[in-house]
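Structure record follows, encoded as structure tokens.
The values are calculated or read from the model by the stated rules, or taken from the named source; none is laboratory data. Since this is a predicted model, take the numbers as computed values, not measurements. Ideal geometry is used to build each Cβ from the backbone, glycine not excepted, and the neighbour counts take in all protein chains shown. Side chains included, ligands, DNA and RNA excluded: accessible areas come from the protein's heavy atoms. Shrake-Rupley method; radii C 1.70, N 1.55, O 1.52, S 1.80 Å.
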Amino acid sequence: MKRELQNQVNALVLQVLFRGFRVLYKHDERVRKEMDAWKDGLTLKLVCGPGGAVLAMRKSERTGVAKLHRAQRTAITMRFKSVEGAFRVLTGQMSVSQAYAAHFFTLEGDIYQTMSFVRCVEYAEAYLFPRFWSRRILKEVPEKELSALRVYVLALLENGR
Amino acid sequence: MNYFEFTNPTKLCSGQGALDNLAYELEILGASHPMVLSDAMLEKIGTLKQVTDALSDVQIGRIFTDIPRDSSIETVNRIAKEYRDFGCDALVALGGGSVLDTAKGVRLLISQDADDLLELMGCECVPKGKPVPFVAIPTTAGTGSEATAVAVIKNPKLGIKMEYISQQLVPDTAILDPRMTATLPPRITASTGMDTLCHAIEAFSCLQKNPVSDAYAISAIELVRDNLLRAVRFGASRQARWAMANASFLAGAAFSNSMVGVVHAIGHALGGVCHVPHGDAMNILLPAGMMFNCKKCRDVYGELLLYLGGPELYGKTPKQKRARAAIEEVLRMRERLHRLTGLPVTLKEAGVDPAKFPEVARAALNDGAVIVNPRQVTYEAVIRILEVSYGN
């Protein structure tokens with residue numbers, strides 16, 4: 001039951017994260033710069049534990065990222081070892097760096113390209129979590145180029161596909 | 001951190017005569033046709049012959065010595081093909097970091113039945129495959145590659161050094177024989193020794209640090225402190241050579257489990273873009289990297305003073321000044337090595353063109369090591385570290 005609930009929360013946060021990426025691609029210069037530098041056609045997948053929620057994306061020139069079918073093979077796959085581990089990261093209990101240090105996920109694909117994706121996640125976290133919360137998990141909280149409230153509102157209006 | 005993992009399955013054969021056990025070690029690993037990997041220099045100076053002599057009762061499948069200083073994906077793929085063509089059943093790697101990392105790449109390909117190393121990129125994602133017995137015999141005391149789950153291999157097309165992290169890369173056996181490093185010139189002894197020190201310091205201060213990796217890192221630092229200058233001055237000292245070989249192994253095991261940070265990230269980039277030898281880059285960048293991290297690592301560096309400077313210095317240094325004093329100990333060690341061997345202490349001396357800094361910084365930011373660095377690594381921070389290290 002607890003695991004199922006965590007799974008649902010993970011799926012919800014992945015959806016927010018995806019919409020957040022699209023909003024930030026349009027409104028945060030740093031995120032746009034990172035995504036523009038990704039290899040054309042780059043595909044990425046976040047897998048939240050065995051049988052868990054999945055976010056599969058590809059680089060899109062127009063919107064930064066676009067969704068892919070979860071079963072599609074991707075160039076980069078970050079695979080959490082457990083639903084619980086993914087839940088801790090996606091709910092801001094620990095950062096991606098801390099999760100990496102604790103071996104919570106494995107990575108298939110080019111580490112070099114993944115670092116840019118990690119930076120995008122950290123920028124998104126700075127918007128998605130309150131500042132006092134981000135400070136607990138991020139090494140340094142990046143400055144926001146627009147208000148978090150605006151990001152949330154734009155994310156709600158964003159196409160989630 | 002409230003969770004950590006630690007692994008070091010490598011059997012260590014260390015000390016005088018260790019190489020004499022090579023044939024036995026291969027036999028108990030179930031190998032009968034090993035492929036021996038080395039480089040042209042080790043062949044020329046007779047080090048390779050010592051190994052083939054130790055294998056006189058073993059049918060060597062193939063000896064491959066055409067491994068460049070910065071081994072590439074193409075080299076690894078080519079050797080794996082030869083391994084199969086010659087019906088080899090084990091790997092013996094004799095050399096420095098490049099040869100050992102090449103062997104790791106070959107092992108990964110053979111064990112996974114793959115042809116191209118690019119297919120196996122990643123971190124902790126490769127499952128256990130076909131067993132490929134693997135013995136590592138380091139000829140430098142620096143990379144610690146004989147004890148790590150990491151291989152750094154160049155991708156010439158992208159001009160970067162790529163990291164592979166997998167338990168499948170860890171050698172079955174490491175042979176540390178002081179004879180293997182006895183002829184190492186003082187300058188290379190100094191450069192590789194500083195690489196060891198850098199591994200240990202970064203392992204002791206990165207986000208992935210844990211009590212077990214700390215123990216390995218501390219032992220390595222103490223051995224470097226007591227033996228590096230001696231190994232540089234008196235290269236024939238077996239005691240000093242052996243101690244440095246052990247230090248290298250210990251530091252390797254430490255950072256294999258706690259990773260390295262900004263100094264290595266920039267060092268890998270400098271190697272890829274400007275071809276600065278890895279040990280030289282570590283020697284040049286370490287103090288600036290420590291100064292950068294000091295904001296977050298004051299207590300950790302303060303503790304390091306005990307191992308870098310000894311108990312007397314630690315005892316008489318006020319707590320708030322210990323971190324700074326630890327960095328000064330590194331600077332002092334570097335200065336002594338510079339006087340003894342001419343080891344460069346600035347990027348200017350190493351012939352780096354400052355116009356390449358932006359390219360180096362961009363590559364460093366994408367190195368896996370920045371993720372566990374205690375302080376957030378930004379483009380501006382890397383540029384600043386490079387500028388300070390250039391000699392400004």
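Got at least one residue in segment B:246-261 being in the same structural domain as B:Ala361 (by TED's automatic domain parsing), of a type in the set (A, V, I, L, M) and not in a helix (DSSP H, G or I)? Yes, there is a match, as at least one residue in segment B:246-261 is in the same structural domain as B:Ala361 (by TED's automatic domain parsing), of a type in the set (A, V, I, L, M) and not in a helix (DSSP H, G or I). For segment A:4-22, indicate whether the set of residues that are without any contact (Cβ under 8 Å) to a residue 60 or more places away in the chain, open to solvent by 20 Å² or more (accessible area, probe 1.4 Å) and outside any helix (DSSP H, G or I) is non-empty. No, segment A:4-22 contains no residue that is without any contact (Cβ under 8 Å) to a residue 60 or more places away in the chain, open to solvent by 20 Å² or more (accessible area, probe 1.4 Å) and outside any helix (DSSP H, G or I).
Look at B:Pro358 and say whether it is within 14 Å of chain A (Cβ to nearest Cβ), of a type outside the set (Phe, Trp, Tyr) and part of a helix (DSSP H, G or I). Taking the combined requirement at face value, the residue satisfies it.
A:Ser97 fulfils the conditions (1) within 7 Å of chain B (Cβ to nearest Cβ); (2) of a type outside the set (Phe, Trp, Tyr); (3) surrounded by 21 or more Cβ atoms within 10 Å (Cβ to Cβ); (4) not in a helix (DSSP H, G or I) except for a single criterion, (4). Only one entry in B:Gly271, B:Gly235 is in contact with a Pro (Cβ under 8 Å, 6 or more places away or on another chain), outside any helix (DSSP H, G or I), of a type outside the set (Lys, Arg) and touching a residue at least 40 places away in the same chain (Cβ under 8 Å), namely B:Gly235.
Scanning segment B:361-380 for residues that are among the aliphatic types (A, V, I, L, M) and within 9 Å of chain A (Cβ to nearest Cβ) yields B:Ala363, B:Leu365, B:Val370, B:Ile371, B:Val372, B:Val377.
Matching residues to (1) of a type in the set (A, V, I, L, M); (2) open to solvent by 10 Å² or more (accessible area, probe 1.4 Å); (3) closer than 28 Å to B:His275 by Cα:
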residue	(1), (2), (3)
B:Asp85	no, yes, no
B:Leu100	yes, no, yes
B:Ala103	yes, no, yes
B:Leu108	yes, no, yes
B:Asp115	no, yes, yes
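The residues in segment A:117-161 that are aromatic (Phe, Trp, Tyr), out of contact with any helix residue (DSSP H, G or I) (no Cβ under 6 Å at 6 or more places or on another chain) and part of a helix (DSSP H, G or I) can be counted, and the count is 4. If we scan segment A:42-54, do we find a residue that is crowded, with 21+ Cβ neighbours inside 10 Å, at the interface with chain B (Cβ under 9 Å from one of its Cβ atoms), under 30 Å from B:Thr7 (Cα atoms) and over 14 Å from the mean Cα position of the chain (by Cα)? The answer is no; no qualifying residue exists.
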